[in-house]
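Novice: Take this structure, written in C-alpha coordinates, and hold onto it; I'll ask about it next.
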(Lines give C-alpha, C1' and ligand atoms only; values in the text may rest on other atoms or scores of the structure.)
Protein backbone atom coordinates (compact mmCIF):
# COMPACT_ATOMS: atom_id res chain seq x y z
CA UNK A 1 0.00 0.00 0.00
CA UNK A 2 1.26 3.46 -0.88
CA UNK A 3 2.81 5.48 1.93
CA UNK A 4 0.76 8.48 0.76
CA UNK A 5 -2.64 6.87 1.41
CA UNK A 6 -4.52 8.29 4.40
CA UNK A 7 -7.98 6.77 4.78
CA UNK A 8 -10.67 8.55 6.80
CA UNK A 9 -14.41 8.02 7.32
CA UNK A 10 -15.13 11.50 5.93
CA UNK A 11 -13.84 10.60 2.49
CA UNK A 12 -15.60 12.70 -0.15
CA UNK A 13 -15.62 9.80 -2.60
CA UNK A 14 -18.86 8.04 -3.57
CA UNK A 15 -20.30 5.32 -1.35
CA UNK A 16 -20.59 1.73 -2.54
CA UNK A 17 -22.39 -1.51 -1.72
CA UNK A 18 -21.19 -2.50 1.74
CA UNK A 19 -22.14 -6.20 1.37
CA UNK A 20 -19.85 -6.62 -1.65
CA UNK A 21 -17.04 -4.82 0.16
CA UNK A 22 -17.49 -6.91 3.31
CA UNK A 23 -17.35 -10.11 1.26
CA UNK A 24 -14.04 -9.08 -0.30
CA UNK A 25 -12.61 -8.15 3.10
CA UNK A 26 -13.74 -11.48 4.56
CA UNK A 27 -11.91 -13.40 1.84
CA UNK A 28 -8.73 -11.38 2.37
CA UNK A 29 -8.85 -11.79 6.16
CA UNK A 30 -8.98 -15.56 5.66
CA UNK A 31 -5.95 -15.35 3.39
CA UNK A 32 -3.84 -13.45 5.94
CA UNK A 33 -3.30 -16.73 7.81
CA UNK A 34 -0.82 -17.78 5.12
CA UNK A 35 0.00 -14.35 3.70
CA UNK A 36 1.11 -12.15 6.62
CA UNK A 37 2.54 -9.63 4.17
CA UNK A 38 -0.97 -8.34 3.38
CA UNK A 39 -2.17 -8.14 6.98
CA UNK A 40 -1.65 -4.40 7.42
CA UNK A 41 -3.39 -3.42 4.19
CA UNK A 42 -6.31 -5.78 4.76
CA UNK A 43 -6.85 -4.70 8.37
CA UNK A 44 -6.71 -1.04 7.37
CA UNK A 45 -9.37 -1.53 4.70
CA UNK A 46 -11.45 -3.62 7.13
CA UNK A 47 -11.95 -0.57 9.37
CA UNK A 48 -14.31 0.95 6.79
CA UNK A 49 -16.74 -1.91 6.23
CA UNK A 50 -19.69 0.00 7.68
CA UNK A 51 -19.65 2.74 5.06
CA UNK A 52 -17.06 1.94 2.37
CA UNK A 53 -16.16 4.43 -0.35
CA UNK A 54 -14.91 3.87 -3.87
CA UNK A 55 -11.40 4.83 -2.73
CA UNK A 56 -11.49 1.99 -0.19
CA UNK A 57 -12.65 -0.40 -2.93
CA UNK A 58 -9.75 0.63 -5.14
CA UNK A 59 -7.32 -0.16 -2.32
CA UNK A 60 -8.90 -3.61 -1.88
CA UNK A 61 -8.62 -4.28 -5.61
CA UNK A 62 -4.98 -3.30 -5.44
CA UNK A 63 -4.44 -5.95 -2.74
CA UNK A 64 -6.00 -8.58 -5.01
CA UNK A 65 -3.73 -7.52 -7.87
CA UNK A 66 -0.72 -7.81 -5.56
CA UNK A 67 -1.77 -11.33 -4.52
CA UNK A 68 -2.25 -12.36 -8.15
CA UNK A 69 1.27 -11.21 -8.96
CA UNK A 70 2.88 -12.95 -5.97
CA UNK A 71 1.19 -16.36 -5.91
CA UNK A 72 4.66 -17.95 -5.94
CA UNK A 73 5.40 -16.64 -2.44
CA UNK A 74 4.74 -18.60 0.73
CA UNK A 75 5.91 -19.21 4.29
CA UNK A 76 8.55 -21.92 4.66
CA UNK A 77 9.07 -24.00 7.79
CA UNK A 78 12.21 -26.17 7.48
CA UNK A 79 12.48 -29.31 9.62
CA UNK A 80 15.77 -28.33 11.21
CA UNK A 81 15.61 -24.93 12.88
CA UNK A 82 17.13 -23.26 15.89
CA UNK A 83 15.23 -23.04 19.17
CA UNK A 84 16.24 -19.44 19.82
CA UNK A 85 13.08 -17.36 20.15
CA UNK A 86 13.01 -13.67 19.24
CA UNK A 87 10.08 -11.25 19.43
CA UNK A 88 10.04 -8.13 17.26
CA UNK A 89 7.87 -5.21 18.35
CA UNK A 90 7.00 -1.80 16.96
CA UNK A 91 4.24 0.79 17.04
CA UNK A 92 2.82 3.37 14.67
CA UNK A 93 2.27 6.42 16.87
CA UNK A 94 -1.15 8.00 16.18
CA UNK A 95 -1.23 6.14 12.88
CA UNK A 96 -5.03 5.83 12.87
CA UNK A 97 -6.22 9.01 11.15
CA UNK A 98 -9.78 8.50 12.42
CA UNK A 99 -9.27 8.29 16.21
CA UNK A 100 -5.51 9.04 16.32
CA UNK A 101 -4.70 5.93 18.33
CA UNK A 102 -1.46 4.01 17.94
CA UNK A 103 -1.14 0.47 16.63
CA UNK A 104 1.04 -2.23 18.21
CA UNK A 105 2.71 -4.82 16.01
CA UNK A 106 4.33 -7.97 17.39
CA UNK A 107 5.79 -11.01 15.64
CA UNK A 108 7.57 -14.02 17.13
CA UNK A 109 10.22 -16.20 15.50
CA UNK A 110 11.70 -19.53 16.52
CA UNK A 111 14.88 -19.69 14.54
CA UNK A 112 13.92 -18.46 11.06
CA UNK A 113 10.29 -19.56 11.39
CA UNK A 114 7.43 -17.13 12.01
CA UNK A 115 5.33 -18.65 14.80
CA UNK A 116 2.90 -15.88 15.69
CA UNK A 117 2.08 -12.28 14.85
CA UNK A 118 -0.57 -9.70 15.51
CA UNK A 119 -1.31 -6.03 15.04
CA UNK A 120 -3.76 -4.36 17.39
CA UNK A 121 -4.92 -0.82 17.99
CA UNK A 122 -4.01 0.43 21.46
CA UNK A 123 -6.94 1.13 23.76
CA UNK A 124 -5.64 4.47 25.06
CA UNK A 125 -4.20 7.46 23.26
CA UNK A 126 -0.42 7.67 23.48
CA UNK A 127 0.94 11.20 23.73
CA UNK A 128 4.46 10.30 22.64
CA UNK A 129 6.27 7.79 20.47
CA UNK A 130 8.09 6.43 23.52
CA UNK A 131 4.81 5.73 25.31
CA UNK A 132 3.36 3.97 22.27
CA UNK A 133 6.50 1.86 21.90
CA UNK A 134 6.57 1.05 25.62
CA UNK A 135 2.96 -0.15 25.59
CA UNK A 136 3.74 -2.27 22.52
CA UNK A 137 6.77 -3.75 24.29
CA UNK A 138 4.43 -4.75 27.12
CA UNK A 139 2.30 -6.64 24.59
CA UNK A 140 5.44 -8.31 23.27
CA UNK A 141 6.34 -9.35 26.81
CA UNK A 142 2.96 -11.08 27.16
CA UNK A 143 3.60 -12.91 23.89
CA UNK A 144 7.10 -13.93 24.99
CA UNK A 145 5.89 -15.34 28.31
CA UNK A 146 3.11 -17.25 26.57
CA UNK A 147 5.64 -18.73 24.14
CA UNK A 148 7.91 -19.83 27.00
CA UNK A 149 5.04 -21.63 28.72
CA UNK A 150 3.76 -23.21 25.50
CA UNK A 151 7.19 -24.65 24.65
CA UNK A 152 7.40 -26.40 28.02
CA UNK A 153 4.75 -28.83 26.74
CA UNK A 154 7.30 -29.86 24.08
CA UNK A 155 10.07 -30.20 26.67
CA UNK A 156 11.75 -27.01 25.43
CA UNK A 157 12.78 -24.62 28.19
CA UNK A 158 14.07 -21.18 27.33
CA UNK A 159 16.19 -19.17 29.76
CA UNK A 160 14.86 -15.90 28.44
CA UNK A 161 13.22 -14.54 25.31
CA UNK A 162 14.79 -11.63 23.44
CA UNK A 163 12.54 -8.70 22.50
CA UNK A 164 13.80 -6.46 19.70
CA UNK A 165 12.62 -2.83 19.79
CA UNK A 166 13.79 0.14 17.69
CA UNK A 167 13.00 2.89 20.22
CA UNK A 168 15.78 3.69 22.70
CA UNK A 169 13.46 5.66 24.98
CA UNK A 170 11.13 2.70 25.42
CA UNK A 171 14.07 0.38 26.09
CA UNK A 172 15.48 2.73 28.74
CA UNK A 173 12.06 3.09 30.34
CA UNK A 174 11.57 -0.68 30.45
CA UNK A 175 14.83 -1.08 32.35
CA UNK A 176 14.27 1.89 34.65
CA UNK A 177 10.61 3.02 34.78
CA UNK A 178 11.19 6.43 36.39
CA UNK A 179 7.90 7.87 37.60
CA UNK A 180 8.13 11.49 36.54
CA UNK A 181 5.61 13.80 34.95
CA UNK A 182 6.30 12.29 31.53
CA UNK A 183 5.66 8.66 32.45
CA UNK A 184 3.39 8.51 35.51
CA UNK A 185 0.27 8.60 33.31
CA UNK A 186 1.19 5.24 31.76
CA UNK A 187 -1.01 2.53 33.21
CA UNK A 188 0.63 0.39 35.88
CA UNK A 189 -0.32 -2.80 34.04
CA UNK A 190 2.31 -2.05 31.42
CA UNK A 191 5.14 -1.84 33.97
CA UNK A 192 5.19 -5.62 34.36
CA UNK A 193 7.59 -5.45 31.39
CA UNK A 194 10.26 -4.02 33.68
CA UNK A 195 9.41 -6.60 36.35
CA UNK A 196 9.97 -9.51 33.96
CA UNK A 197 13.24 -8.03 32.72
CA UNK A 198 14.48 -7.84 36.31
CA UNK A 199 13.40 -11.44 36.92
CA UNK A 200 15.33 -12.60 33.84
CA UNK A 201 12.28 -13.93 32.03
CA UNK A 202 12.93 -11.69 29.04
CA UNK A 203 15.55 -9.30 27.74
CA UNK A 204 15.16 -6.32 25.43
CA UNK A 205 17.62 -4.92 22.91
CA UNK A 206 17.64 -2.28 20.21
CA UNK A 207 17.25 -3.15 16.55
CA UNK A 208 17.72 -0.81 13.60
CA UNK A 209 14.38 0.46 12.33
CA UNK A 210 15.02 -0.94 8.85
CA UNK A 211 15.53 -4.42 10.36
CA UNK A 212 12.45 -4.37 12.58
CA UNK A 213 10.23 -6.98 10.94
CA UNK A 214 7.18 -5.89 12.96
CA UNK A 215 7.07 -2.72 10.85
CA UNK A 216 5.39 -4.61 8.03
CA UNK A 217 2.28 -5.17 10.19
CA UNK A 218 1.58 -1.60 11.29
CA UNK A 219 2.39 0.95 8.58
CA UNK A 220 2.68 1.40 4.81
CA UNK A 221 6.26 1.02 3.60
CA UNK A 222 8.26 1.90 0.54
CA UNK A 223 8.63 -0.92 -1.96
CA UNK A 224 12.30 -1.68 -1.22
CA UNK A 225 11.81 -1.86 2.56
CA UNK A 226 8.58 -3.84 2.18
CA UNK A 227 10.29 -6.48 0.02
CA UNK A 228 13.20 -6.67 2.46
CA UNK A 229 10.97 -7.18 5.51
CA UNK A 230 8.76 -9.62 3.61
CA UNK A 231 11.82 -11.78 3.07
CA UNK A 232 12.55 -11.43 6.79
CA UNK A 233 9.15 -12.97 7.51
CA UNK A 234 10.35 -16.12 5.78
CA UNK A 235 8.27 -15.58 2.65
CA UNK A 236 10.04 -16.77 -0.46
CA UNK A 237 9.42 -18.69 -3.65
CA UNK A 238 11.90 -21.45 -2.76
CA UNK A 239 12.48 -23.40 0.46
CA UNK A 240 15.54 -22.27 2.46
CA UNK A 241 17.31 -25.60 1.90
CA UNK A 242 17.40 -25.08 -1.87
CA UNK A 243 18.95 -21.61 -1.74
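The values are calculated or read from the model by the stated rules, or taken from the named source; none is laboratory data. Worth saying up front: this structure is predicted, and the values here are computed from it rather than measured. Here Cβ is always computed from backbone atoms with ideal geometry, including for glycine, and neighbour counts include all displayed protein chains.
Novice: List pairs: first in segment 167-196 and exposed (fewer than 14 other Cβ atoms within 10 Å of the Cβ), second modelled with pLDDT under 70 and not in a loop (DSSP other than H, G, I, E, B), Cβ under 8 Å, 6+ apart or cross-chain?
Specialist: Within 8 Å, no pair qualifies.
Novice: Pick from segment 1-56 the residues that are farther than 23 Å from residue 102 by Cα and touching a strand residue (DSSP E or B) at 6+ places or on another chain (Cβ under 7 Å): which of them is modelled with the lowest pLDDT?
Specialist: Among them, the one singled out is 13.
Novice: Separate question: Answer with yes or no whether residue 61 is out of contact with any strand residue (DSSP E or B) (no Cβ under 6 Å at 6 or more places or on another chain), within 29 Å of residue 237 (Cβ to Cβ), at pLDDT below 95 and not assigned by TED's automatic domain parsing to the domain that holds residue 125.
Specialist: Against the criterion (out of contact with any strand residue (DSSP E or B) (no Cβ under 6 Å at 6 or more places or on another chain), within 29 Å of residue 237 (Cβ to Cβ), at pLDDT below 95 and not assigned by TED's automatic domain parsing to the domain that holds residue 125), residue 61 does not qualify.
Novice: Could I ask something else about it? Evaluate segment 46-57: report whether one residue or more is within 30 Å of residue 205 (Cα to Cα) and in a strand (DSSP E or B). Break it down into steps so the answer makes sense when it comes.
Specialist: Our first condition is that a residue be within 30 Å of residue 205 (Cα to Cα); within segment 46-57, this holds for none.
Checking segment 46-57: not a single residue is within 30 Å of residue 205 (Cα to Cα) and in a strand (DSSP E or B).
Novice: Just wondering, is there one or more residues in segment 151-166 that are over 21 Å from residue 35 (Cβ atoms) and in a helix (DSSP H, G or I)?
Specialist: So the first thing to find is which residues in segment 151-166 are over 21 Å from residue 35 (Cβ atoms), and the list is 151-166.
So of that shortlist, the ones also in a helix (DSSP H, G or I) come out as 151-152.
Yes, some residue in segment 151-166 is over 21 Å from residue 35 (Cβ atoms) and in a helix (DSSP H, G or I).
Table: residues versus (1) on the phi > 0 side of the Ramachandran plot; (2) within 18 Å of the chain's Cα centre (by Cα); (3) crowded, with 19+ Cβ neighbours inside 10 Å; (4) without any contact (Cβ under 8 Å) to a residue 12 or more places away in the chain.
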{"site": "84", "(1), (2), (3), (4)": "no, no, no, no"}
{"site": "96", "(1), (2), (3), (4)": "no, yes, no, no"}
{"site": "104", "(1), (2), (3), (4)": "no, yes, yes, no"}
{"site": "119", "(1), (2), (3), (4)": "no, yes, yes, no"}
{"site": "135", "(1), (2), (3), (4)": "no, yes, yes, no"}
{"site": "145", "(1), (2), (3), (4)": "no, yes, no, no"}
{"site": "150", "(1), (2), (3), (4)": "no, no, no, yes"}
{"site": "154", "(1), (2), (3), (4)": "no, no, no, yes"}
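Novice: Quick check: anything in segment 148-157 within 18 Å of residue 218 (Cβ to Cβ) and touching a strand residue (DSSP E or B) at 6+ places or on another chain (Cβ under 8 Å)? Quick ask: steps written out before the conclusion?
Specialist: Let us first name the residues in segment 148-157 that are within 18 Å of residue 218 (Cβ to Cβ), namely none.
Among the residues of segment 148-157, not one is within 18 Å of residue 218 (Cβ to Cβ) and touching a strand residue (DSSP E or B) at 6+ places or on another chain (Cβ under 8 Å), which makes the answer no.
Novice: Here's something else I'd like to know. So residue 148 ticks every box in (1) outside any helix (DSSP H, G or I); (2) within 27 Å of residue 76 (Cα to Cα) but one. Which box is left unticked?
Specialist: Evaluating residue 148 over (1) outside any helix (DSSP H, G or I); (2) within 27 Å of residue 76 (Cα to Cα) leaves (1) as the failure.
Novice: If you go through segment 65-82 one residue at a time, how many are loosely packed, with under 15 Cβ neighbours inside 10 Å, out of contact with any strand residue (DSSP E or B) (no Cβ under 6 Å at 6 or more places or on another chain) and in a loop (DSSP other than H, G, I, E, B)?
Specialist: Result for segment 65-82: 6.
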